[in-house]
1. So if I restrict to the alpha-carbon atoms in the chain, what is the Rg, and what is Dmax, the biggest pairwise distance, in Å?
2. Given charges of +1 on the Cβ of Lys and Arg and -1 on the Cβ of Asp and Glu, with all other atoms neutral, how large is the dipole of segment 92-136 about its Cα centre, in debye to the nearest 20?
3. Which of these, Val124, Val60, Val80, has the largest mean-square fluctuation under a Gaussian network model of the chain (Cα springs below 10 Å)?
4. Under a Cβ-Cβ cut-off of 14 Å, what is the net charge of the residues other than Cys115 that fall near it, where Lys and Arg count +1 and Asp and Glu count -1?
5. In units of 2.2 N^0.38 Å, what is the alpha-carbon radius of gyration of segment 13-72?
6. For the chain, what is the number of Lys pairs with C-alpha distance below 30 angstrom, counting only pairs 8 or more positions apart or on separate chains?
7. What's the extension gain from Glu17 to Glu54 if we count 0.36 nm per residue and subtract their Cα-Cα distance?
8. What is the distance in Å between the Cα centroid of segment 117-140 and that of segment 1-77?
Amino acid sequence: MSASPAAALSMTPDQRETLETLARSQAAPHRQVLRARALLMAADGEANTRIAEEIGVTPVTVRGWRKRFSEDGLAKLGQVRKGRGRKPTITGEQIAQIVRLSTEETPPGHTHWSCRTMAKHVGVSHSSVQRIWSDLGIKP
């Protein structure tokens with residue numbers, strides 16, 4: 001015997017209009033578009049399992065989105081909860097060291113740092129050095 005489907009999600013006409021706009025958007029972050037579509041389906045009385053199949057997530061995820069919407073409305077629609085997502089692999093100390101070395105020192109026998117020499121010196125990948133330099137506008 002399966003569990004009964006969740007009751008239709010209640011929302012104001014303004015919330016529905018905002019979600020419909022987001023669900024059709026091609027400029028909004030994909031995360032927000034998916035959540036908007038899921039919440040609209042929930043408001044139309046669709047079961048969590050059906051919504052999950054349509055959106056490509058698990059029913060537990062849909063249940064969490066419904067719960068957050070019921071508690072917080074649209075305020076946290078696109079936010080990722082703390083502790084979710086990929087954790088940084090480069091420490092703040094390594095970033096600070098890269099910045100300090102890039103701006104204050106030169107490698108022995110060279111006139112400036114390259115991504116590869118900096119990466120080897122600090123112990124990170126050359127693409128990480130390149131990304132840090134690019135993000136901070138550093139041009140050694």
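1. For the chain, the Cα radius of gyration and maximum Cα-Cα distance read 23.3, 75 Å.
2. Details: 4 positive and 4 negative charges, 36 e Å.
Around 180 debye, computed over segment 92-136.
3. Val124
4. In short, +3.
5. Numbers: Rg = 10.7 Å, N = 60, 2.2 N^0.38 = 10.4 Å.
Expressed relative to 2.2 N^0.38 Å, the Cα Rg reads 1.03.
6. Numbers: Lys67/Lys76; Lys67/Lys82; Lys67/Lys87; Lys76/Lys87; Lys87/Lys120; Lys87/Lys139; Lys120/Lys139.
Value for the chain: 7.
7. Full-extension gain reported as 11.2 nm.
8. Computed from Cα coordinates, the inter-centre distance equals 41 Å.
Bear in mind these aren't lab numbers, they're just calculated from the coordinates by the rules spelled out. For clarity, every value in this text was computed on a predicted model and none was experimentally measured. As a convention, Cβ positions derive from the backbone with ideal geometry for all residues, glycine included, and neighbour counts pool all protein chains shown.
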